[in-house]
Amino acid sequence: MSLSKLYQSLIYSLLILLPLPAFSAEWRGVIATEGRYYFEEGDFGQEQELASIMIEPEFFHSWDEHNLSLVFKPFYRWDSMDSERTHGDIRELMLQYIGDEWEVKAGIGKVFWGVAESQHLVDIINQTDFVENIDGEDKLGQPMVALSTERDWGLLSIFALPGFRERTFAGEEGRLRFPYVIDTDNPIYADPDGKSRLDGAIRWSNWFGDWDVGVAHFSGTSREPQFVLDTSNPSNPTLRPVYVTIDQTSIDLQATKGAWLWKLEAMSRSGFESSRYSAAVGGFEYTFYGVTDSGADLGVIMEYQYDSRDILPGGFKQEDVLVGGLRLAMNDIPSTEVLLGYSYADNQQFINLEASRRLGDSWKLVVEGRWFEGIDENRPMDSIFYPLRNDDYLSITFERYF
């Protein structure tokens, strides 16, 4: 029996043996309807309008005076346009035990590392659910066993990660897609164990006065795929994802100095075609408190993205990116918030809008917009956003919490 199958059998056995009294179960979650409008027809004749429905319930139960707990969070979305975006996942199925000195988690879970706003360089445990949203915020559940202990010298976490999750991509009928269809059924792995390879990670974090510091190392299959063109069917060429084995060492820093919030993420990685390379994103957020009579706060965000490579996987030209943004928090009863971001690199611009507001006790309105500007039609390899140049869109989502 392989390590991943042994791990799965252990988790399933634990779940079966644990008592789950129905009367003490705690259920909550969200169901949402989304309408999205693209301002232009897609390069391959895709429609300009789509509708989708999403549901993400959550079950929670604890025993032993809350030292032992179970959380289960499935996810499903139906999409009217893209069969690949119609998909389900187990975001979390985690059994957690809190001891006197150690905390143990086993199952499927999500872990977030990082502090930057515009790019999450050091966040590497979970795979990106790219078909859900291109901002990298949505993640697939990752099978794991995690041990952590918090002492005077900081928080130490150790992860064993069996079972690799492949990145999701838009299908042939979808928007925000590549010029060629991604053949997600036939990925290529550098490691002979493929998706069964056991990955691992370790992270130490601590705070020193105004400073929060995290240092991590990851060894395993890269969550970021490369691609090779498959022309075995000349009438319908596809791109096959290639997942290489990498080692990544990273650091994330955040300093809170009054109204200033200084941030840095930096990493060094080996395993790709080129030699070891480094990347970093850093900057600040300054908050103006009480800019209106109602007590609204306005944050000004500036970040810079750096990558030591000249050419990115896929042949795209590497350009450092300057990012600016405004974050408005109205601090009102409906929790109205607006985030407006602007990215600039070599005359190319990416504009991002995210806004939300509660509607009563159980409803929430979310507005999202993406605009890609300044992309030269005659220089397709100068921008990784070139395939998305006609995919500007605005979406409205109504979320119902229960």
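The values are calculated or read from the model by the stated rules, or taken from the named source; none is laboratory data. Since we're looking at a predicted model, the values are computed, not measured. Note: ideal-geometry Cβ built from the backbone for every residue, glycine included; neighbour counts use all protein chains shown. The accessibility values were calculated without ligands, DNA or RNA, using every heavy atom of the protein model including side chains. Shrake-Rupley method; radii C 1.70, N 1.55, O 1.52, S 1.80 Å.
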Placing +1 at every Lys and Arg Cβ and -1 at every Asp and Glu Cβ, with all other atoms neutral, what dipole size does region 86-241 have around its Cα centre, in debye to the nearest 20?
360 debye
Backbone HN-Hα couplings from phi across region 123-138 [Karplus 6.51/-1.76/1.60, Hz, Gly and Pro as x]:
7, 10, 5, 9, 7, 6, 8, 6, 6, 6, 6, 7, 7, x, 7, 8
Could you let me know the centre-to-centre spacing of region 341-367 and region 202-217, using Cα atoms, in angstrom?
30 Å
Share of accessible surface on carbon and sulfur in region 43-147, whole %, 1.4 Å probe and ligands ignored, is 52 percent
Here region 249-262 yields Karplus 3J(HN,Hα) values (6.51, -1.76, 1.60; θ = phi - 60°; whole Hz; Gly and Pro given as x) of 10, 9, 9, 10, 10, 9, 10, 9, 10, x, 7, 9, 10, 9
Which order do Phe288, Phe59 take when ranked by solvent-accessible area (1.4 Å probe, heavy atoms of all protein chains), largest first?
Phe288, Phe59
At 222 nm, what value in deg cm²/dmol follows for the chain if DSSP H runs of at least 4 each add -39500 (n - 2.57) and the sum is divided by all its residues, to the nearest 500?
-1000 deg cm²/dmol
Just list whichever of Lys110/Lys257; Lys105/Lys263; Lys105/Lys195; Lys105/Lys257; Lys73/Lys317; Lys195/Lys317 have alpha carbons separated by over 32 Å in the model shown.
Lys105/Lys257; Lys73/Lys317
I need to check one value: relative contact order of region 295-369, counting alpha carbon pairs closer than 8 Å and at least 6 residues apart, in percent.
23 percent
Taking mean projected area of the Cα convex hull in nm² as the quantity of interest, determine which of (1) 39.9; (2) 19.3; (3) 22.5 was computed from the displayed structure.
(3)
From largest accessible area down, sort Arg203, Arg370; use a 1.4 Å probe on the protein chains.
Arg203, Arg370
Among Met267, Ala160, Phe72, flag the residue with its Cα farthest along the positive direction of the charge dipole of the chain, charges on Cβ as +1 for Lys/Arg and -1 for Asp/Glu.
Ala160
Can you give me the solvent accessible area of Leu394 with a 1.4 Å probe, rounded to the nearest 10 Å²?
60 Å²
Please report the accessible area of Arg358 (heavy atoms, 1.4 Å probe, ligands and nucleic acids excluded) in Å², nearest 10.
100 Å²
Determine the shape class of region 264-376: with a ≥ b ≥ c the square roots of the Cα gyration tensor eigenvalues, call it rounded for a/c under 1.5, and otherwise prolate if a/b is greater than b/c, oblate otherwise.
prolate
Only loop residues by DSSP count here, and only those with at most 15 other Cβ atoms within 10 Å; note down the GluC sites (Glu not before Pro) in region 55-111 that meet that.
Glu101
Taking all protein chains in place and a 1.4 Å probe, what share, in percent, of the accessible surface of region 344-402 do carbon and sulfur account for?
55 percent
For a quick check of your reading of the filter: which GluC sites (Glu not before Pro) in region 299-402 sit in a DSSP loop and have no more than 12 other Cβ atoms within 10 Å?
Glu377
May I ask you to derive the relative contact order of the chain, considering only C-alpha pairs under 8 Å and at least 6 residues apart, and to give it as an integer percent?
12 percent
Net dipole in debye of the chain [+1 Lys, Arg Cβ; -1 Asp, Glu Cβ; about Cα centre; nearest 20]:
840 debye
What does the highest-first list of 244-257, 182-195 look like by mean Cβ count within 10 Å?
244-257, 182-195
